[in-house]
Amino acid sequence: DENGCPDPDNDNDGILDANDQCPMDAEDMDSFEDENGCPDPDNDGDGIVDTADRCPLEPGPSANQGCPWPDTDGDTVVDPLDSCINTPGTVEYHGCPEPTDVVIGEGGIEIMQTVYFRTNRDVIESRSFALLDNVARLLIEHPEVQHVRVEGHTDTRGRLANNMRLSQARAESVMRYLVEHGVDAGRLEAQGYGPTRLIVENARTPDEHARNRRVVFTIIGANGDIRSEDSGPSADTIDR
């Protein structure tokens with residue numbers, strides 16, 4: 001001001017050159033970093049110029065005209081990729097909730113899958129580990145379920161004594177797995193019933209025999225058995 005000459009503003013954007021980081025390019029005055037004197041053709045950096053961007057301050061894909069895709073249920077899976085738009089879920093399941101294979105019903109533990117064993121043995125197959133992990137997690141999260149009987153059941157084929165031993169060994173194997181995964185052993189007991197509690201009497205077909213081979217979790221209450229829920233048929237076949 002001392003020299004009596006006006007300060008130059010070569011790009012006529014209202015920001016004097018002395019304070020203008022882009023003295024030859026006019027600021028676009030779009031309410032985004034307008035004080036630096038430089039134009040901002042793509043404010044949100046999404047590769048879509050502001051003049052064609054419906055949401056110039058929010059990055060979004062060109063398929064949605066520069067706006068972010070909505071996420072109606074707030075599960076971080078955007079609606080175009082979400083198979084359950086109105087229900088929160090996980091990325092792994094495309095925006096839908098994880099399948100629930102273990103729940104506590106009215107007094108019982110409901111198992112929606114099968115506990116698989118090696119044929120004629122009490123060795124749990126690895127494909128059942130995730131299921132039993134969920135059983136353990138459920139019991140740990142619900143201490144109000146004070147006592148559970150793990151039951152083993154077989155079909156009628158073979159010798160009764162062998163089936164009784166096998167069912168007991170399998171029940172103990174499942175119980176041991178739960179204890180190893182954090183469940184207090186004092187909350188569990190194992191009981192093998194062999195073929196004495198059949199679902200299908202006089203079973204003839206492989207499917208009917210499979211329904212009788214099962215693991216059952218029974219919640220034990222102060223007044224005795226409350227309810228039992230089984231895991232469905234076992235896929236193994238007992239060698240004779």
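The values are calculated or read from the model by the stated rules, or taken from the named source; none is laboratory data. Remember, it's a predicted structure, so these values are computed and weren't measured experimentally. Counting neighbours? That spans all protein chains shown, and the Cβs are built from the backbone with ideal geometry, glycine included.
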Review point. Is there a residue being in a loop (DSSP other than H, G, I, E, B), without any contact (Cβ under 8 Å) to a residue 24 or more places away in the chain and either within 30 Å of ASP82 (Cα to Cα) or among the β-branched types (Val, Ile, Thr) (or both) anywhere in region 99-116?
Key: yes
Practice item. Could you grab the pairs with beta carbons closer than 6 Å, sequence gap of 6+ or different chains, first residue in region 156-184 and within 24 Å of VAL135 (Cα to Cα), second one among the small types (Gly, Ala, Ser) and in a helix (DSSP H, G or I)? Key: LEU178/ALA136; VAL179/ALA185; HIS181/ALA136; GLY182/ALA136; VAL183/ALA136
Check your understanding: Are any of the residues in region 141-156 farther than 22 Å from MET112 by Cα, at pLDDT 90 or above and in a loop (DSSP other than H, G, I, E, B)?
Key -> yes
Exercise for review: Please find, among ASP122, ASP75, the residue that is part of a loop (DSSP other than H, G, I, E, B), at pLDDT 85 or above and over 22 Å from PRO61 (Cβ atoms).
Suggested key: ASP122
Check your understanding: Taking region 152-177 only, how many residues are more than 17 Å from ARG211 (Cα to Cα) and buried (at least 23 other Cβ atoms within 10 Å of the Cβ)?
Key -> 1
Revision key, fill the gap. Note on GLY186: of the conditions (1) modelled with pLDDT of 95 or more; (2) of a type outside the set (Lys, Arg); (3) within 26 Å of the chain's Cα centre (by Cα); (4) part of a helix (DSSP H, G or I), unmet is (3)
Review point. Do you know which of the residues in region 95-117 that are surrounded by fewer than 14 Cβ atoms within 10 Å (Cβ to Cβ) and out of contact with any strand residue (DSSP E or B) (no Cβ under 8 Å at 6 or more places or on another chain) is modelled with the lowest pLDDT?
Key: PRO99
Exercise for review: List every residue pair whose Cβ atoms sit under 6 Å apart, with the two residues 6 or more apart in sequence or on different chains, where the first one lies in region 56-76 and is hydrophobic (A, V, I, L, M, F, W, C) and the second, anywhere, is assigned to a loop (DSSP other than H, G, I, E, B) and surrounded by fewer than 16 Cβ atoms within 10 Å (Cβ to Cβ).
Suggested key: CYS67/ARG54
